[in-house]
Structures are given as structure tokens and as C-alpha cells.
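All remarks here apply to the structure that follows.
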Amino acid sequence: MAATRSTQQSPDPAEGRTRTAKPVRERLLDAADAVLFVDGVPSAPVDRILKHAGASPPSLYTHFGNKEGLLVAALKRRLDVWREEWTAAIADAADDEERLLCLWSATRTYQRVRLTERWCAFSGTAASIDDPTPELQAVLDEETAMLYDRTYEHALPLVGHDTEAARQLSEQLVVVYLGSLALMLRREYEVALTAGERTARTLVRAFGSAHGAQSSR
């Protein structure tokens, strides 16, 4: 298994004072990120989150209702950051092919700069929560829909606006992407994402060649 990376630093009194000075709601969200998505799994016990946040059980219940409410809020925050990062990568892409494939470069930046995670916070949550609340299922569905909608949108010009081909390409790219994230459990994230991006590029060019589409610049 690849060594996992943590955003936490070695304890230090000054850092501890800085972290404690944050509002308790933010401390709980940060702790959820660290305990559930970076160092562990979404099924980790709530007392670990509280200890990491330096918070009491009443503060958790006041702000989020229960652990699953905190999980929903943490996932929503991650989704907002991810959407922002992917949107910026699309805006910076040079052509249609890069607009489609920047899913991988955006993930690389998200993982390196924005919010580190062990593999995929959304897949990990779906795998570990047997009976999600409607609120939790909604945020998982929102992330899934964004993957399919955006890959479909940016696949269209590469397959001559053939909607069925774009749908098929979107489906296959999402499979490759989720496989890239799963590989992060076994390899370093840079290695996993590079392998996924290469596979996706080969797939995109094969579809483009089959449909005689040219990338617009």
C-alpha cells in the first residue's frame, strides 16, 4: 500500500493555540477532513474527530446534529472546493481535448494544494455507509452527476456532437477516473493520476478518430 499523506503537523504549542482560536465549527470540519478522509475512513468513531478538533460532543450536536450531519457538511465543503478547482482548470485549457482531460490535472492540483485525501472522500463514504440519510445521499449524487455531466459536455465536440458517442465516452472516462482514484490506495497519487490520464488520453483520441472530430482551439 502507498504511504498516505497527512495535512497534520507535529504538535506544537503555537500551532495548537492557532487551531483552537478557530471557530469550533471550522475546527470540526477540519477534523472531519483529517480523520475521515486523510488518515482514516468515514466510519471512524466520533470521539477521534472531537479529540482532533479539541471540541466537546455538545458542540458537534449544536452545529451538525450528529456525526452524519458533520460528514455531509465536510463533503459539501470538499465538493465546493473541487468544483472550483475543476472549473478553473477547464477555463485555462487550450482546446477541447484538454478541457475534457483536465479532470486529471485538476485532481492533481486539488490533491497537492487544496484538500488532500487518502483516495476519494465520496467513494470512501459510499463504500462505508450502508444506509445513508437522504442528505448524505444527495451530496454523493451531486458529485456523481457533476462527473458525468461535465465529461459528457466536453466530450461532445470531440465526437462530432454525436450524443450517443459522447455518452459512451463520458461513461468510460468516469470509469477510468474512478480507477485512478482507487489506485491511489496502492500507489502514490501522482503515479496513479498520471497512469489514469494517459489511459484517458488514449481513449479520447480513439473516440475522436472513430468519429472524425477535430479539437477546436
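The values are calculated or read from the model by the stated rules, or taken from the named source; none is laboratory data. Remember, it's a predicted structure, so these values are computed and weren't measured experimentally. All Cβ positions, even for glycine, are placed from backbone atoms using ideal geometry, and neighbour counts span all protein chains on display.
Scanning region 81-91 for residues that are under 12 Å from the mean Cα position of the chain (by Cα), without any contact (Cβ under 8 Å) to a residue 60 or more places away in the chain and surrounded by fewer than 17 Cβ atoms within 10 Å (Cβ to Cβ) gives VAL81, GLU84. A Cβ distance below 8 Å, combined with a sequence gap of six or more or placement on separate chains, defines the contacts here; from region 148-173, residues that are of a type outside the set (A, V, I, L, M) reach residues that are exposed (fewer than 14 other Cβ atoms within 10 Å of the Cβ) and not in a helix (DSSP H, G or I) in the pairs PRO157/SER216; GLY160/GLY212.
Scanning region 93-100 turns up one or more residues that are outside any helix (DSSP H, G or I) and among the acidic types (Asp, Glu).
Identification of helices (runs of 4 or more DSSP H) wholly contained in region 111-211 with 1 or more residues that are surrounded by fewer than 19 Cβ atoms within 10 Å (Cβ to Cβ) and modelled with pLDDT of 95 or more yields 134-155, 163-183, 189-211. Restricting attention to region 30-80, the residues that are over 15 Å from the mean Cα position of the chain (by Cα), of a type in the set (A, V, I, L, M) and not in a helix (DSSP H, G or I) add up to 2.
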